[in-house]
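Here the structure is laid out as structure tokens; the discussion comes afterwards.
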Amino acid sequence: MLQFDIRAILKSKAPKAKVPDFLIRYLKRITHVKEMNAFLRKYPDKQNYEFIDLVIAEELGCSASITGTEHIPTDDRPVIFVSNHPLGGLDGMIIAQMIHRSRPNSRELKVIVNELLMFMEPIAGLWAPVSKTSRLSREQAMQQQQMWQSQTDVLTFPAGACSRLQRINRQWVIQDLEWHKNFVQRAREYQRDVVPVYFEGRNSRFFYILALLRKWLGIKLNIEMLYLVNEMYGARGKHFRVHVMPPIPYTTFDNSRTPAQWAEYVKHIVYETYHTSR
């Protein structure tokens, strides 16, 4: 039976590292291994969207409402959904669920995620991994190439990390870091329109303070990422709102701006459209 094993996961990522038992016990607590394994035992055969539905509705008791569903294309052309990333996990599951329910039933979706989420076996088939610490395996790289060449829809979070507390124009705001240009390059190369999405949500104050402290101390290791499962369980019972905006034709991304500038342009659209519509 599938079970999450913190020690095995750490060993796969750092085979030579010796992690003390007290740290293993602490990691088990903040990653809610006991709760997750109990959930897996209860639903051993559930996968993909069935599994996501149960996680959101039963395990976490969360709900979501969507505005702008009329902007989700209903034809057969594959598109790229791009979204801000306030939560770091639950937002991806909710948006994936939304797309699955709104697009044609035969449409496949891949969500570009940190490779660590591949350990979530029941939904690993929905993920397309990226790595910040090492290159993808040759097999993974080929799978991504096939994904872009296929009719598969893609959901990506261009910031590559969940939102942080930042000082912008003399105000403290919770917002994504810089959006990377990859989705613009893929939109051009594979002639895919881009559907912007804004997800309302935030993590705990502890999470943002920890991220600021880690940055202030000059620690490069993303320590706060260890708490994302804890943040997900902290969202129990919450209602989230998702806003879908009109698609941006791939022909928009011409040579008048660099791909990086176009990425920031789309990010600006996502945040400005949401804030002006409130």
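The values are calculated or read from the model by the stated rules, or taken from the named source; none is laboratory data. If you're wondering where the values come from, they're calculated on a predicted model, not measured in any experiment. Here the Cβ positions follow ideal geometry from the backbone for every residue, glycine too, while neighbour counts run over all protein chains shown.
Report, by residue number, each residue of the stretch 25-55 that is loosely packed, with under 13 Cβ neighbours inside 10 Å and either more than 28 Å from Leu126 (Cβ to Cβ) or of a type in the set (S, T, N, Q) (or both).
Arg25
Just need a number here: residues in the stretch 148-168 that are more than 24 Å from Gly88 (Cβ to Cβ) and surrounded by 14 or more Cβ atoms within 10 Å (Cβ to Cβ). Steps first, please.
Going residue by residue through the stretch 148-168, those that are more than 24 Å from Gly88 (Cβ to Cβ) are 148-151.
Adding the requirement that they be surrounded by 14 or more Cβ atoms within 10 Å (Cβ to Cβ) leaves 148.
Selection size over the stretch 148-168: 1.
Quick one: which residue in Arg241, Arg236, Arg257 is basic (Lys, Arg), at pLDDT 95 or above and loosely packed, with under 13 Cβ neighbours inside 10 Å? Write out each step before concluding.
Details: Arg241 fails: loosely packed, with under 13 Cβ neighbours inside 10 Å; Arg257 fails: loosely packed, with under 13 Cβ neighbours inside 10 Å.
Being basic (Lys, Arg), at pLDDT 95 or above and loosely packed, with under 13 Cβ neighbours inside 10 Å holds for just one of Arg241, Arg236, Arg257, which is Arg236.
If we scan the stretch 177-191, do we find a residue that is within 25 Å of Ala57 (Cα to Cα), touching a Gly at 6+ places or on another chain (Cβ under 7 Å) and not basic (Lys, Arg)? Write out each step before concluding.
First, the residues of the stretch 177-191 that are within 25 Å of Ala57 (Cα to Cα): none.
There is no residue in the stretch 177-191 that is within 25 Å of Ala57 (Cα to Cα), touching a Gly at 6+ places or on another chain (Cβ under 7 Å) and not basic (Lys, Arg).
Only one residue in Gln145, Gln171, Gln191 is exposed (fewer than 13 other Cβ atoms within 10 Å of the Cβ), under 30 Å from Asn255 (Cβ atoms) and either at pLDDT below 95 or among the charged types (D, E, K, R) (or both). Which one? Before you say what the answer is, go through the steps one by one.
Values: Gln171 fails: under 30 Å from Asn255 (Cβ atoms); Gln191 fails: either at pLDDT below 95 or among the charged types (D, E, K, R) (or both).
Just a single option satisfies the conditions, and that option is Gln145.
Tell me, please, whether a residue that is more than 30 Å from Pro247 (Cα to Cα) and at pLDDT 95 or above can be found in the stretch 11-31.
From the stretch 11-31, those more than 30 Å from Pro247 (Cα to Cα) are 11-31; that's our starting set.
When the remaining residues are screened for being at pLDDT 95 or above, the result is none.
Checked the stretch 11-31: no residue is more than 30 Å from Pro247 (Cα to Cα) and at pLDDT 95 or above.
Sort out which residues of the stretch 177-189 are charged (D, E, K, R) and either touching an Asp or Glu at 6+ places or on another chain (Cβ under 8 Å) or under 20 Å from Leu117 (Cα atoms) (or both), and write them in order of number.
Here is the first cut: in the stretch 177-189, the ones charged (D, E, K, R) are 178, 181, 186, 188-189.
The answer is Glu178, and nothing else.
Could you tell me which numbered condition Gly218 fails, if it satisfies all but one of (1) outside any loop (DSSP other than H, G, I, E, B); (2) of a type in the set (Gly, Ala, Ser); (3) more than 20 Å from the chain's Cα centre (by Cα)?
Unmet for Gly218, out of (1) outside any loop (DSSP other than H, G, I, E, B); (2) of a type in the set (Gly, Ala, Ser); (3) more than 20 Å from the chain's Cα centre (by Cα): (1).
Within the stretch 253-262, how many residues turn out to be in a helix (DSSP H, G or I), free of Cβ contacts under 8 Å to residues at least 60 places away in the same chain and in contact with a Phe, Trp or Tyr (Cβ under 8 Å, 6 or more places away or on another chain)? Show your work before the answer.
Of the stretch 253-262, the ones in a helix (DSSP H, G or I) are 259-262.
Still in the list and also free of Cβ contacts under 8 Å to residues at least 60 places away in the same chain: 261.
With in contact with a Phe, Trp or Tyr (Cβ under 8 Å, 6 or more places away or on another chain) added as a condition, the list becomes none.
So the count comes out to 0.
What is the number of the single condition among (1) out of contact with any Leu (no Cβ under 9 Å at 6 or more places or on another chain); (2) crowded, with 19+ Cβ neighbours inside 10 Å that Arg101 does not meet?
So Arg101 meets the others, but not (2).
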